[in-house]
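The values are calculated or read from the model by the stated rules, or taken from the named source; none is laboratory data. Because the structure is a prediction, the values reported are computed rather than measured. Note that we place each Cβ from the backbone using ideal geometry, even for glycine, and neighbour counts take in every protein chain shown. Note: areas computed on protein heavy atoms with side chains; ligands, DNA, RNA excluded. Shrake-Rupley method; radii C 1.70, N 1.55, O 1.52, S 1.80 Å.
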Amino acid sequence: MRVADAIKRYRETGRLTGHASLHLDRLEAAFGNTRLGSLQTSDLAEWVDFLVHPKTGAAVAAWTKRHHFCTVKRFFEVCVHERWMDRNPMETLKPPHKDEDDIYVLPVKDAEKLFNAASKSIAVGRLALEAFAGLRYSSAARIAKADLDFKECGVTMQGKKHKSGRRHYAEGFPGNLWLWLEATPDQCWSLTERQYFEEKSRIFRAAGLKPEGKAKTEEEREQLARMRNVLRHSFASYHVALFGDAAKTAILLTHRNQAMLYQHYRGRATKRDAVAYFGIVPG
């Protein structure tokens, strides 16, 4: 059986929905006339590695590669189950890593747009904790006002509110963070995690940094993926650029490995831009 024939039968089972259909369209374009049994693991690994946008010819992001990988691997699992082929040629392959290529740093001009849009929002304090303290979304969404030490410019992350499950305290966060926190209405700290998620999404859309509604194109999906951890990545990149001290940045981020942090974030921003980034204040 040819790959194209197997994909046709797979579609007829009703298992294929949404963007997965596009992934198999691309597989068929590359291997449609190839016999299922003759597919080589190395050929499929190379196909995933060198996926490009059909319109622009630019390499797709690691996040998009992972989605193609998962769709196609599942397709071959079904082929084996249906006895259309004897083995899954992707069985031994690992999905593309989410490595430093997935790190996206928000340009200063976009960060300014974001906080212009956030300035009137009750969620601005939580957003500032992500952008100017590098807190993970999950920590910023659950933190209480009592966890903020305005006198020492420190933040306590209770164990139940932190990814590690352990209590952390760090101090020495940039001065602009505290200006945003001082301008934050008390209602901010009573927001539920879901309410903060919805308000944060609204702020990003108002700043023109997210597609309206659901992403309709691959470019829009990649934009959404880049925005997933963009504030924490931006804080780390700009903080390393400003101070040149990975150990200091690692402490604030509660990272255990400063060498890894320096490797991933060094050189992603200039000191000049870092000064401007941490100069974004309520106006």
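Side notes on the structure shown:
- Val72 touching a Phe, Trp or Tyr at 6+ places or on another chain (Cβ under 6 Å), modelled with pLDDT of 80 or more and open to solvent by less than 40 Å² (accessible area, probe 1.4 Å): no
- Candidates Arg11, Arg87, filtered to the one that is surrounded by fewer than 18 Cβ atoms within 10 Å (Cβ to Cβ), in a loop (DSSP other than H, G, I, E, B) and touching a helix residue (DSSP H, G or I) at 6+ places or on another chain (Cβ under 8 Å): Arg87
- Flag if Ala4 is farther than 30 Å from Met227 by Cα, of a type in the set (Gly, Ala, Ser) and open to solvent by less than 60 Å² (accessible area, probe 1.4 Å): yes
- Of the numbered criteria (1) touching a Phe, Trp or Tyr at 6+ places or on another chain (Cβ under 8 Å); (2) at pLDDT 95 or above; (3) surrounded by fewer than 21 Cβ atoms within 10 Å (Cβ to Cβ), the one Lys98 fails is (2).
- Residue in region 219-226 that is modelled with pLDDT of 80 or more, of a type in the set (A, V, I, L, M, F, W, C) and buried (at least 19 other Cβ atoms within 10 Å of the Cβ) present: no
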